[in-house]
Structure formats: structure tokens, C-alpha cells
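Where a number appears in this text, it was derived from the coordinates with a stated rule and is not lab data. Bear in mind the structure is a predicted one, so any value in this text is a computation, not a measurement. We place every Cβ from the backbone using ideal geometry, glycine too, and count neighbours over all the protein chains shown.
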Amino acid sequence: MKHGKYPFILSFLALPVGLYAWLVIVPFAQAFQISLTDWSGSSNQFNYIGFENYANLFKDDRLVLPAIRHTAIILVVLPVVTIALGLFFAFMLNIGGRSRQGRIEGVRGSRFHKIVFFFPQVLSVAIIGILWKQVYAPEGFGGLITGALRAVGLPAPANGFLADKRFVLASVIAVLVWSAVGFYLVFFSSAMASIPRDLYEAGIVDGAGRFQTFFKITLPLLWDSVQTAWIYLSIIALDVFVLVYMMTPDRGGPDGASEVVGGVIWKYAFNKGEQAFASALGVVLFFAALSLAVVALRFGRRERIEL
Amino acid sequence: MATQTSTETETPRSAPPGPPREPKAEGAVMNVFSHAFLWLWALMVIVPVVWVVITSFKTTREIAADPLGLPAAPQWDNYVSAWTNGNIGSYFINTLQVMVFSITGTMLLGAMAAYVLARYEFFGNRLVYFGFAGGMMFPVFLALFPLFKTLDNVGLLNSYPGLILVYIAYSLPFTVFFLTAFFRTLPTGVAEAAMIDGAGHYRLFFQVMLPMAKPGLIAITIFNIIGQWNQFLLPLVLLSDPEDAVISQGLANLALRQGYEGDPGALFAGTVLAMVPIFIAYVIFQRQIQAGLTAGAIK
């Protein structure tokens with residue numbers, strides 16, 4: 001086994017590690033470096049200015065501060081709503097049926113529901129963006145929701161949902177939840193499948209209702225999966241940008257009402273030519289993601305129940 | 001539309017009418033409520049998708065004036081326009097050209113690295129492993145600009161080889177993370193037996209370990225195919241020539257042009273065209289896709 005081990009290891013690692021270092025690690029390290037300069041991105045001239053960009057970030061109340069606020073809202077709402085819906089649907093489809101002679105199973109048609117719910121997950125953000133932009137469109141442009149509201153005689157925002165400051169962020173979050181729920185439904189379903197059925201049967205014999213079954217048996221045993229889902233969704237929430245880019249007026253409008261951190265990085269880097277400032281914001285985002293993951297892993301840990 | 005109904009008929013409705021449910025008030029209320037909610041969500045997925053398919057057959061006037069109605073006559077012109085003016089066909093081919101190489105490369109390099117990291121002890125093993133796994137935490141747009149410059153410096157900007165290498169590099173973290181876990185679960189006995197029979201490290205990998213890792217490889221290949229097919233940010237920055245666009249980027253360009261050319265029918269036709277292959281693949285492979293996409297989470 002020893003013979004030729006190191007040449008082999010080297011030959012297998014050289015390409016992947018080399019490519020990864022060149023195109024991922026080095027660019028990220030450069031972004032950290034750039035964030036300490038005043039580089040515009042277009043010339044070769046720059047000076048090191050320490051943490052000035054970082055200090056200026058929190059003075060930018062036109063783009064950065066609203067973006068941080070909106071991203072924070074998404075960071076709270078998206079995981080909570082998605083996990084709650086995902087758990088509820090997974091429970092209904094796997095365990096909630098429970099009727100036929102005490103056997104534990106999902107409600108009828110659960111396979112169909114899983115197929116349908118999961119479908120948005122395989123659609124590209126570009127397709128989802130085009131689809132929902134039209135769904136939210138104003139009446140004069142043939143929007144689905146505005147059209148339906150008019151058909152039943154209810155008022156609808158005159159310029160559609162995305163051009164209305166009150167609705168635009170909620171509309172974007174709704175699309176994020178819409179596309180994510182199916183994934184977490186399947187994710188939690190496969191975790192639920194590993195819970196032994198006799199636990200439920202014992203619960204039923206003891207007279208547990210569906211609520212009790214869920215909160216006393218299912219949820220404690222799924223805690224690890226919920227934690228993982230929370231980390232995934234938090235990273236998704238911090239990285240929200242493409243949907244905003246595709247759907248909203250001025251890629252973050254109207255009037256900055258849907259600016260998110262990713263979008264502001266994009267604007268500073270590619271529209272305003274303030275590379276260093278954009279990188280500083282990116283670095284902040286990176287540490288936010290990192291600390292969230294650490295917090296989730298450290299404090300989200302509960303006593304593991306051995307089966 | 002036709003495909004939509006066919007999925008519905010596929011659903012098993014065979015559950016025999018069992019004995020009547022226990023007459024528990026909580027059960028009955030919950031049943032009605034949860035069934036209603038499940039169907040509501042199903043409709044929220046189906047309705048927008050079907051509606052866009054219907055809309056893609058309408059004239060511009062019908063789209064604006066009668067969003068809920070059916071087209072008077074199906075406008076196949078929209079599809080012709082999406083295919084010819086919208087270039088959807090060539091975006092498909094561009095995407096395929098990129099992905100044949102990027103998927104092969106991702107899987108080959110990812111499996112090689114993961115295998116070595118999972119099965120061999122050497123100095124720096126943990127460092128390399130966490131180097132890859134940590135990449136899952138990086139927000140991509142932090143690296144976009146340095147990456148742009150890096151490719152520009154070596155003349156790979158606006159080229160498929162450049163994009164392919166970037167796709168591979170950015171798919172490696174999850175691929176390596178997932179496959180390392182998978183290779184660790186494979187039994188050691190077979191590998192030892194092969195070594196005793198005189199197989200070298202290379203033969204062991206290609207002829208014994210890879211075939212054994214097939215389920216994991218399939219799952220993560222599906223994950224990467226969907227991920228790279230839907231990739232939007234990287235090509236947006238790294239491929240500036242609209243002729244070279246991959247599918248997501250091409251659709252976004254079409255959406256942008258639609259804004260001032262005023263041909264929404266063609267945009268929705270293009271969107272439907274981009275959805276059809278995904279939809280067909282999804283219906284056929286939905287079990288594998290669901291397993292593949294959620295696989296990483298099951299440790």
C-alpha cells in the first residue's frame with residue numbers, strides 16, 4: 001500500500017487544488033487586499049488606505065445601509081417561513097395521513113405534491129425572474145395577480161407589485177420562498193424517513209394527536225436537519241441578488257426599496273467603478289456568513305437523541 | 001400544457017378506500033385544513049407556470065388587455081421569433097458546449113481530489129479538505145472582479161475555455177465535500193483485496209473505487225448539471241459577447257430587449273423553450289434529481 005503513495009497523491013491533487021487555488025482562493029484573497037485600497041478597478045494605480053472603506057460603508061445611507069437592512073429582513077424571514085412550510089408539508093406528506101388501520105403514512109397524493117412542490121428548484125433564476133415579473137406586472141401589462149384582483153373587484157397597486165415601494169421586498173421574498181420550499185420539503189422528508197415508525201405508533205397508542213406527534217416526536221429528531229437547513233437558507237439569504245437584478249426596477253428599486261447587499265456590491269464594482277469599496281462590503285458579507293454558520297453550529301446544537 | 005396534465009394522471013390514485021377515519025374532531029379539521037393548504041401550494045406552483053405557457057401563445061395586445069383569457073388563436077410566431085431573433089437555439093448549443101467539458105472536468109477533478117482526501121493519510125490532508133469545504137461559504141460576487149481580471153490577464157476572458165475552468169473551480173467545493181464523505185463510506189476490504197492482487201493506486205481508483213462510488217457520483221453529477229445549467233452570475237461577468245451567451249444569460253438579455261422592443265410574446269415563448277428540456281428531464285428523472293439535490297444534506 002505504501003509503494004508510490006506520495007507521487008500518486010500529488011498527481012491526483014495537483015490539478016484540482018491548482019485550479020481551485022488559482023480561480024477561487026486567490027481571487028477571494030485579492031478581494032480582501034483590494035478592500036484595503038482606494039483602487040477604482042480601471043487603472044493600475046492605488047494606495048493602501050487601511051480600513052477607510054469599511055468606515056465609509058456605514059456612512060452610506062443611500063445604498064449600503066438600506067441594503068443591509070433589507071438583507072437582514074430576508075435573513076430572518078426566508079429561513080423561518082421556508083423551514084416552517086417545509087416541515088409542515090413534509091409532515092403532512094409523510095406522516096400526517098395516518099388513517100388506514102393505524103399505519104403511518106402521508107396524505108393521499110403525496111407523490112404528486114412532492115413532484116410539483118420541488119419543480120421550482122430546477123428552474124433557473126432567470127426563468128423564475130421572468131415568470132414572476134410578469135405575474136406581478138401592472139394591469140396594463142397583463143399581470144396575473146393584478147388581473148385576478150381586478151376580476152374579483154379588489155384594488156391592485158396601479159404600477160404592479162414590483163414598482164411599489166410597499167410591496168417590492170415582500171414580493172421578492174415570496175418568490176424566494178416559493179422556489180425554496182420544495183427543496184426543504186424533500187430534504188426534511190428524507191430525514192423523516194429515517195425516524196422509526198414504531199415511535200409514532202407508540203405515540204398514537206398513548207393518544208398523541210398530530211400536533212403532539214409533530215412537536216414531541218418529529219421535531220426533536222429532526223433538529224440536526226433544521227439546523228443544516230437554517231445555515232443553507234441563511235447563505236442563500238445573504239447572497240440574494242440575481243432575482244432582484246432580474247425583477248425589480250433599477251435593479252434594487254423603486255427608490256432603493258429592494259436594494260440588497262449583493263446588488264450594492266455589484267453596483268459599486270461594475271457600474272460605479274469603486275472596486276475597493278465594493279470589496280469591503282463583500283468582505284463584511286463573507287464574515288457575516290461565516291459567523292452565522294459558526295453560531296448555528298455552536299448554539300444550535302442540542303443533545304443528540306440516539307436511536 | 002399537455003405534459004402538465006400527464007403528470008397529474010401519473011399520480012397514484014390507487015389508495016383503496018380504507019375503513020372510515022376515526023371520528024376525531026381534531027383529525028377532521030386538520031385534514032381539511034392541511035389538504036386545502038397542500039393543494040393551495042400546488043396551485044401556486046402550477047398556475048404561474050401554466051399561465052406563462054398560455055401567455056406565450058398570445059398576441060402582444062391579448063397579453064396586455066386580457067391577462068386571464070385564452071388566446072383567440074395560438075401565436076406560433078412567438079416561438080419562431082424567440083428561436084430566430086431571440087437566438088434561443090444557439091444559446092442552448094452554447095450552454096451544451098460549455099457543459100460537456102465543465103461537467104466532465106468537475107466530476108473527474110472532484111472525484112480525484114475527494115478520493116485522495118478520503119482514503120489517504122498525508123501531511124496537509126485536513127488543510128486541503130477544509131480549503132475546499134470552506135469555499136461553500138464564499139459569496140461569489142466578492143470574487144467576481146478579481147476573477148474577471150485574472151482571466152483577462154491570461155486572455156481567457158470572453159472565452160468558453162475560461163468559463164469552463166471557472167465552472168469547474170466553483171463547483172469543486174461542494175463536489176469534493178460531498179464525494180469525500182461518500183468515498184469514506186465505501187468498505188476498505190475491497191480496496192485491500194485489489195491491492196493484494198497487485199492493482200496499483202491508479203487502477204484501484206479507476207477500476208474499483210469509481211464503479212463502487214457510482215450512486216454518489218450520479219447524485220452529485222445531477223446536482224452539478226442543474227447548478228451549471230442555471231448559472232447566471234459567472235457568465236454575466238465573464239462572457240460579454242451576447243452571441244456567446246449561455247441560456248440563462250441569453251434569456252435575461254431577451255428580457256432586457258423585450259423592454260424596448262415590445263415583443264413580450266417572444267420572451268415568454270423563449271422562457272417556455274428554456275423550461276421544456278428541464279421539465280422533461282425533471283419528469284423522467286425526478287426521483288434521482290430530488291435525491292441528488294438533497295443528497296449533500298444527508299451528511
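Structural remarks
- Relative contact order of the range A:69-299, taken over Cα pairs closer than 8 Å and 6 or more residues apart, is 25 percent.
- Net charge of neighbours whose Cβ lies under 12 Å from the Cβ of B:Asn78, counting Lys and Arg as +1 and Asp and Glu as -1: -2
- Gap separating the Cα centres of the range A:244-270 and the range B:55-99, nearest whole Å: 27 Å
- Relative contact order for chain B, counting Cα pairs under 8 Å that sit 6 or more residues apart, in percent: 28 percent
- Net charge of the neighbourhood of A:Ala156, taken over other residues with C-beta under 9 Å away and scored Lys/Arg +1, Asp/Glu -1, is 0.
- Over chain A, DSSP H runs of length four or greater, each weighted -39,500 (n - 2.57), average out per residue to a 222 nm ellipticity of -18500 deg cm²/dmol.
- Rounded to the nearest 20 debye, the dipole magnitude of the protein assembly as shown is 1440 debye, with +1 charges on Lys and Arg beta carbons, -1 on Asp and Glu beta carbons, and the Cα centre as origin.
- Comparing A:Leu199, A:Leu297, A:Leu78 in a Gaussian network model of chain A where C-alpha atoms under 10 Å apart are linked, the largest mean-square fluctuation is found at A:Leu199.
- Taking label points 7 Å from Cα along the Cα-to-Cβ direction, B:Thr60 and A:Gln227 give a separation of 5.7 nm.
- Average projection, convex hull of the Cα set of the range B:113-192: 6.7 square nanometres.
- Residue exposure proxy: B:Trp76, B:Trp39, B:Trp83, ordered by other Cβ atoms within 10 angstrom of their Cβ from fewest to most, comes out as B:Trp76, B:Trp39, B:Trp83.
- Farthest toward the positive end of the dipole of the protein assembly as shown, out of A:Val77, A:Leu19, B:Gly89, is the Cα of A:Val77, where the dipole comes from beta carbon charges about the Cα centre.
- In plain terms, the residue of B:Ser81, A:Ser291, A:Ser179 with the fewest other Cβ atoms within 10 Å comes first and the most crowded comes last, giving A:Ser291, B:Ser81, A:Ser179.
- Springs between Cα atoms under 10 Å define the GNM used for chain A, and in it the highest mean-square fluctuation of A:Ser42, A:Ser171, A:Ser190 occurs at A:Ser42.
- Considering only B:Leu273, B:Leu151, B:Leu204, the Gaussian network model of chain B with Cα springs below 10 Å gives its largest mean-square fluctuation to B:Leu204.
- Structure-based [θ]222 nm, chain B - -39500 (n - 2.57) summed over DSSP H runs of at least 4, per residue, nearest 500: -24000 deg cm²/dmol
- Magnitude of the charge dipole, chain A, Cβ model with Lys/Arg +1 and Asp/Glu -1, debye to 20: 880 debye
- A Stokes-Einstein calculation at 20 °C with viscosity 1.002 mPa s, built on the Kirkwood radius of the protein assembly as shown over Cα pairs, returns a diffusion coefficient of 82 µm²/s.
- Intensity falloff of chain A expressed as log10 I(q)/I(0), Debye formula with alpha-carbon point scatterers, at q = 0.08 Å⁻¹: -0.52
- Global form of chain B, assessed from the alpha-carbon gyration tensor, a/c cut-off 1.5: oblate
- Scanning residues 5 or more positions from A:Thr37 or on other chains, those with amide H under 5 Å from its amide H are A:Ile49, with H placed 1.01 Å from N in the peptide plane.
- Cα centroids of the range A:1-53 and the range A:175-216: 44 Å apart.
- Whole-angstrom gap from the range B:121-185 to the range B:214-270, using each part's C-alpha centre: 21 Å
- The ranking of A:Ile217, B:Ile168, A:Ile9, B:Ile88 by Cβ neighbour count inside 10 Å, starting from the fewest, reads A:Ile217, A:Ile9, B:Ile88, B:Ile168.
- Pairs over the 20 Å Cα-Cα cut-off, from the set A:Lys59/A:Lys165; A:Lys165/A:Lys272; A:Lys133/B:Lys58; A:Lys165/B:Lys58; A:Lys133/A:Lys165; A:Lys5/B:Lys214: A:Lys59/A:Lys165; A:Lys165/A:Lys272; A:Lys165/B:Lys58; A:Lys5/B:Lys214.
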